[in-house]
Amino acid sequence: MQAPPTYTQVDIPSEAGAPDALPGYSDSSAPSHGVFVPSAGVDDKLPNHFKINNQYVKSQVMPSDLEAHLVLLGAFHRLREEVRTFKGKADISMEPDERYAVFLQRAVYRFEQWAVRMIGGEGQEDEGVGEGTPRVLATNEVPPLDVMMVWHTYMLNPRSYYEDCIRKLPGLFRIGSFALIQLSGSIDRDTLLFHPPSESRVAAFSSFTGQPFDPPTNTTSEDTVVVFCPSCSQPNTIPWITYKGDGYAQRGFSCVCNSCQFSFSRETLGVRKFYEDMEKCIANPEKYFMAYVVNPLRRLSISHWQ
């Protein structure tokens, strides 16, 4: 059996009409502070071009990208196990998987607050969504680890992510690709623990989102969230978890509005959200329902709702 051919680096001069490389996995223009530093020489082991169909193509993912990604995934795993095996004081007993499910509910809520209030939500499209060079996160915009984890998971469904960025999260659209190198730089590669954030970064996150910077690894019956009644739109302060199992992060969630006494659940909130989306589509032809942005043939005619 013959040995496989060896790879040699080939410097290809730039020529007019030569195919450009695809965008990198992360933005190389990220600020130098808080950026992941790969192992020395890790990228030197890979040829800088590959020959495909008689054309030389630049590498789209480098070993340093993989190294940074593994550090990030390791930190996510460590956070998950920290939540599941929490040994501190908890007033409501939960199984490890149930505890982690509650944590994820809160992480998604924290991500939404960060993405809408800090990065830019619906109604802040004036900068030109999808136009110009994607910007990088400012130092004080780098989120906590649980928010990073939700963002990373969100992007694993690129179609839904793309549509949601167009529909309601233009700030994320302007950032472009996942800031892998920048976010991995916030993690100690040896311990997989988050580097202590600066006071200004903590203050910025808390000020914009109304949430503490540190991920809520333990949830008690005293932890609450504000939910607006789908009937009268008045705010209701609801615990994330209760002894009865009807907290906002639990499967049996239900609530009676303090103002109008209307009883609602997650299904009711979903109906209200659908109604609000429908109103926006009727009032503005440029607004679309979820899953009707990418494929124009599936867009519903506004006349169907009138």
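The numbers here are math on the coordinates, done by the rules we state, and not lab data. The structure presented is a predicted model; accordingly, all values stated were derived computationally and were not measured. Cβ coordinates were reconstructed from backbone atoms using ideal geometry, including for glycine residues, and neighbour counts include every protein chain displayed.
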**Complete:** Toy charge model, Lys and Arg Cβ at +1, Asp and Glu Cβ at -1: the range 221-288 dipole around Cα centroid in debye, rounded to 20, equals 120
**Filtered GluC sites (Glu not before Pro), the range 129-183: DSSP coil and at most 16 other beta carbons within 10 Å** = 131
**Complete:** Contour minus Cα-Cα span, residue 222 to residue 256, at 0.36 nm per residue, comes to 10.4 nm
**Asked** For residue 138 and residue 162, what is the calculated FRET efficiency with R₀ set at 22 Å and r taken between the beta-carbons, to the nearest 0.05?
**Response** 0.40
**Request:** Any chance you could check the Cα centroid distance between the range 262-280 and the range 69-116 for me, in angstrom?
**Result:** 27
**Request:** Calculate, for residue 202 and residue 52, the FRET efficiency according to 1/(1 + (r/R0)^6) with r their C-beta to C-beta distance and R0 45 Å; round to the nearest 0.05.
**Result:** 0.45
**Loop trypsin sites (Lys or Arg not before Pro), the range 168-277, which have at most 16 other Cβ atoms in a 10 Å radius of their Cβ (DSSP)** = 244, 251
**Request:** Mind checking the range 185-274 for GluC sites (Glu not before Pro) that DSSP puts in a loop (not H, G, I, E or B) and that have at most 16 other Cβ atoms within 10 Å?
**Result:** 222
**Asked** Across all directions of projection, what mean area in square nanometres is found for the Cα convex hull of the range 221-288?
**Response** 5.2
**Message:** Taking the beta-carbon count within 10 Å as an exposure proxy, list 146, 246 from fewest neighbours to most.
**Reply:** 246, 146
**Prompt:** Can you sort 172, 70, 156 by how many other beta carbons sit within 10 Å, fewest first?
**Reply:** 156, 70, 172
**Fill in**
Nearest-0.05 FRET efficiency for residue 66 and residue 193 at R0 = 22 Å, using Cβ-Cβ distance, is 0.60
**Complete:** Per the rule of 0.36 nm per residue minus the C-alpha distance, extending residue 97 to residue 273 adds in nm 60.5 nm
**Request:** Would you mind ranking 118, 94 by Cβ crowding within 10 Å, fewest neighbours first?
**Result:** 94, 118
